[in-house]
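S.K.: Next up is a structure, given as structure tokens.
The values are calculated or read from the model by the stated rules, or taken from the named source; none is laboratory data. Nothing here was measured: the structure is a model prediction, and the numbers come from that model. All Cβ positions, glycine included, derive from the backbone under ideal geometry; neighbour counts span all protein chains shown. Ligands, DNA and RNA are stripped out before the accessible areas are found, and what is left, the full protein with its side chains, is counted by its heavy atoms. Shrake-Rupley method; radii C 1.70, N 1.55, O 1.52, S 1.80 Å.
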Amino acid sequence: DFGQITGGHKIGKNVITASSLNSNDGITSYSSRGPTADGRIAPLVSAVGDNVNSTVSVNDYQQNSGTSMSCPAVSGVLTQLYDCYKQTHAGANPQSALIKATLLNTCDDIGNAGADFVYGYGRVNAYKAAVSLENNQHFAASITQGDSTTFTLNVPSNVSQLKVMLYWHDYEGALNAAPALVNDLDLEVIDDSGNVTLPLVPNSAPNFASLISPATQKIDRLNNQEQAVINNPSGSYTFKVVGFNVPQGPQDFYVVYYFETDSIM
């Protein structure tokens, strides 16, 4: 049911919470749904957790099911991404914020378009995440209260969708604060004609119709990750990040992007 992701670490702002899928990308009956108590997006990603071959005592295997199966799968992907970054960056370790942002932004979107409270940003795709890291598809900077900064990107041909995500590890909030967000940054994606695309944000109002409705473009005042999606992009785009409310600044952040094409895995 909705609103069932509880407990301290599972609803943390800087962690990765995974739902459980079956082999057909369906959500399993035991997989909890968001949002968090203050309305933030959870879970953040999805992975297969149903009828997974897993180790058991003593030195044997058996099929198990649960988010306790999907979470280790995501952890294994993250381990590969850390190694991928090190191999392509002279052995240097990446910032965990970059790895998290890349993982979320390169998910295969399933369920409602955009993030939702069942699948998060979608099923993890290790290949796409690795491509994003290898091609350095990100910008990094820091921002203070009231400031803004921009980055410009030219989109190559044959791109069916441009995904852009702003992410920052947020400062720790007060116990049971609602909203839990401390530093609030905003993302705008602006095309050559001046058209602005805002992040897709699901409706966290506590009623069933709202919780199952598709995400819409709006300013996000709850989450420390914001994803804008542009179909059939062309030309150049400006990514604008605004420090709307940064009481604990300066705030480091990443803007990651990914080009979806029909030929990619």
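S.K.: Residues V241, V255: which one is closer than 18 Å to L44 by Cα and either in contact with a strand residue (DSSP E or B) (Cβ under 9 Å, 6 or more places away or on another chain) or not in a strand (DSSP E or B) (or both)?
M.R.: Only one candidate passes the filter, namely V255.
S.K.: Assess whether A113 counts as being out of contact with any strand residue (DSSP E or B) (no Cβ under 8 Å at 6 or more places or on another chain) and modelled with pLDDT of 95 or more.
M.R.: Against the criterion (out of contact with any strand residue (DSSP E or B) (no Cβ under 8 Å at 6 or more places or on another chain) and modelled with pLDDT of 95 or more), A113 does not qualify.
S.K.: Taking the condition of being open to solvent by 30 Å² or more (accessible area, probe 1.4 Å) and not in a loop (DSSP other than H, G, I, E, B), how many residues in region 204-238 meet it?
M.R.: Within region 204-238, residues that are open to solvent by 30 Å² or more (accessible area, probe 1.4 Å) and not in a loop (DSSP other than H, G, I, E, B) number 7.
S.K.: I'm told N176 meets every condition in (1) touching a strand residue (DSSP E or B) at 6+ places or on another chain (Cβ under 7 Å); (2) of a type outside the set (S, T, Y); (3) assigned to a loop (DSSP other than H, G, I, E, B) except one. Can you identify the failing condition by its number?
M.R.: (1)
S.K.: Of the conditions (1) buried (at least 16 other Cβ atoms within 10 Å of the Cβ); (2) of a type outside the set (K, R); (3) over 30 Å from N158 (Cα atoms), T197 satisfies every one except a single condition; which number is it?
M.R.: Looking at each condition in turn, T197 falls short on (3).
S.K.: Got a sec? Which of N14, N24, N53 is more than 28 Å from N176 (Cβ to Cβ) and in a loop (DSSP other than H, G, I, E, B)?
M.R.: Exactly one of N14, N24, N53 is more than 28 Å from N176 (Cβ to Cβ) and in a loop (DSSP other than H, G, I, E, B), namely N24.
S.K.: Okay, moving on. If G76 satisfies all but one of (1) open to solvent by less than 50 Å² (accessible area, probe 1.4 Å); (2) in a helix (DSSP H, G or I); (3) in contact (Cβ under 8 Å) with a residue 24 or more places away in the chain; (4) not hydroxyl-bearing (S, T, Y), what's the number of the condition it fails?
M.R.: (3)
S.K.: For region 122-146, how many residues are among the charged types (D, E, K, R) and surrounded by 14 or more Cβ atoms within 10 Å (Cβ to Cβ)?
M.R.: 2
S.K.: Okay, next question. Within the set of pairs 6+ apart or on separate chains, which have a first residue in region 225-248 that is at positive phi, a second that is of a type outside the set (V, I, T) and open to solvent by 20 Å² or more (accessible area, probe 1.4 Å), and C-beta atoms under 6 Å apart?
M.R.: So the pair list comes out as G235/D192.
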